[in-house]
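Data block below; observations after.
The values are calculated or read from the model by the stated rules, or taken from the named source; none is laboratory data. All of these numbers come straight from a predicted model, not from anything done at the bench. Don't worry about glycine lacking a Cβ; one is built from the backbone with ideal geometry, like all the others, and counts go over all protein chains shown. These area figures cover heavy atoms from the full protein model, side chains too; ligands, DNA and RNA do not enter into them. Shrake-Rupley method; radii C 1.70, N 1.55, O 1.52, S 1.80 Å.
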Amino acid sequence: MCGPSLLVAPVVEDSTTKEVYFPEGSWYDYGDGKTVYTGGKMASYDAPIDKLPVFVKEGAILPKMPVMQYVGEKTLDVLTLDIYPLTGEGESSFVYYEDDEKSQDYQKGKYATTEYNCQVVKTGEDSQLKFKIGAREGQYADSVEERDYLLQFHNSAGEDTEVKIDGKEMSSLESIEGLKQSEEGFYTDHNSGICYVKLADDQAEHTVEVLGR
C-alpha cells in the first residue's frame, strides 16, 4: 500500500503476469482508469516488463499537479482532482491541505484546507453523482493563487451524461482541448470512461452533479 488509496504490485520475477491480492472493497486499474477488481481475493494481472501494476481504492480523490523539478518551478493554475467514485451507493471524502511550501509558518496555523465529498446514488440502471467542493478555510486561504479545477470522474461518461453546477446546467464541449481552453464546461470521453469537468476555484462552496453516468 502507498497510503490508504493506492496499491502497488511490482513484478519482481521473470514473468509477464502478476498474481495480485486485493484487500476488501473495489479497486480501479490505474493504468486504464476504468477496469474494476473485486477485493478479498486474488487476481491474475497482465504485467509486461514496461508496466507497473497500480490500483486505486474506490472512493479515492487524488489531487494532481504538473511534474516539477523543484517546489514552485511551475505555476499551479489548474488543480486536477482524479476522482474514483464508489461502485455502489455511498460517499467518500478527502481534505486537501496547502501551505506556502517555503517556511515553517504552517506550525503557526498558516495553512488552508478544502474538503471534498463524493456521493453516489443509484437510480435504476443509472447513477447520480454529487461532488461537493467545500469552502476553503484557514489562515492561508486568501493567499492561494487564482486557479481552476479540472475534475476527472472515472467510469462516469455515459451516453447521455449531463453535468450541473449549483443546480445550473453546464455546457458540453467536443474535446478535452476545447474544455481546457474554456472557462467552464464538461467533456465526456467514452474511450476512457472519464467525464471531465472544469470550473473556477474561487474558494467558495460548490456542488457538481454528474447525471446519467
Per DSSP, the loop-located GluC sites (Glu not before Pro) within region 1-46 having at most 15 other beta carbons within 10 Å are Glu13, Glu24
Counting only C-alpha contacts under 8 Å and six or more residues apart, can you give the relative contact order of the chain as a whole percent? 17
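Give me the percent of DSSP beta bridges within the chain that run antiparallel, rounded to the nearest 5. Before the final figure, lay out each step's value.
On the way: 61 of 68 bridges.
Antiparallel: roughly 90 percent of the beta bridges in the chain.
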Counting helices only, and only those DSSP H runs with n ≥ 4, report the 222 nm mean residue ellipticity of the chain as the sum of -39,500 (n - 2.57) divided by its residues, in deg cm²/dmol to the nearest 500. -500 deg cm²/dmol
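Report in % the part of the accessible area of the chain that belongs to carbon and sulfur, leaving out ligands and nucleic acids; probe 1.4 Å. Walk me through the numbers before you get to the answer.
Values: 5460 of 12090 Å².
Result for the chain: 45 percent of the exposed heavy-atom area is carbon or sulfur.
If R0 is 25 Å, what FRET efficiency do you get for Ala9 and Ser93 from their C-beta distance, rounded to 0.05? Don't skip to the end; give the middle numbers.
Values: r = 26 Å, r/R0 = 1.06.
Given R0 = 25 Å and the Cβ-Cβ separation, E is 0.40.
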Which one of His190, Val78, Val12 is farthest out on the positive end of the charge dipole of the chain, using unit charges on Cβ (Lys, Arg +1; Asp, Glu -1) and the Cα centre as origin? Val12
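Can you give the local net charge around Leu179? Use residues other than it whose beta-carbon is closer than 12 angstrom to its beta-carbon, Lys and Arg +1, Asp and Glu -1.
Result for the local shell: -4.
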Describe numerically, in nm with one decimal, the distance between label points set 7 Å from Cα along Cα→Cβ at Ala141 and at Lys102. 2.3
Two pseudo-spin positions, 7 Å from Cα along C-beta at His190 and at His206, lie apart in nanometres by 2.7
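How high is the relative contact order of region 102-213? Use alpha-carbon pairs under 8 Å, at least six apart in sequence, and give a whole percent. Could you put the intermediate results ahead of the total?
Values: 226 pairs, mean separation 37.2, N = 112.
33 percent.
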From the cross-link list Lys34/Lys110; Lys34/Lys164; Lys34/Lys130, which pairs have alpha carbons spaced over 29 Å apart? Lys34/Lys110
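So, for the chain, what is the accessible surface per residue at a probe of 1.4 Å, expressed in square angstrom?
57
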Pulled fully out, how much extra length does the chain show between Lys180 and Lys168, if you take 0.36 nm times their separation in residues and subtract their Cα-Cα distance? 2.3 nm
Would the chain count as rounded, prolate or oblate if I go by the C-alpha gyration tensor, calling it rounded below 1.5 in a/c and otherwise prolate when a/b exceeds b/c, oblate otherwise? oblate
Under a cut-off of 14 Å between alpha-carbon atoms, report the aspartates and glutamates in cross-link reach of Lys122, not counting same-chain residues fewer than 8 places apart. Glu89, Glu91, Glu209
Give, rounded to the nearest 20 debye, the magnitude of the charge dipole that the chain has about its Cα centre when Lys and Arg contribute +1 at Cβ and Asp and Glu contribute -1 at Cβ. 460
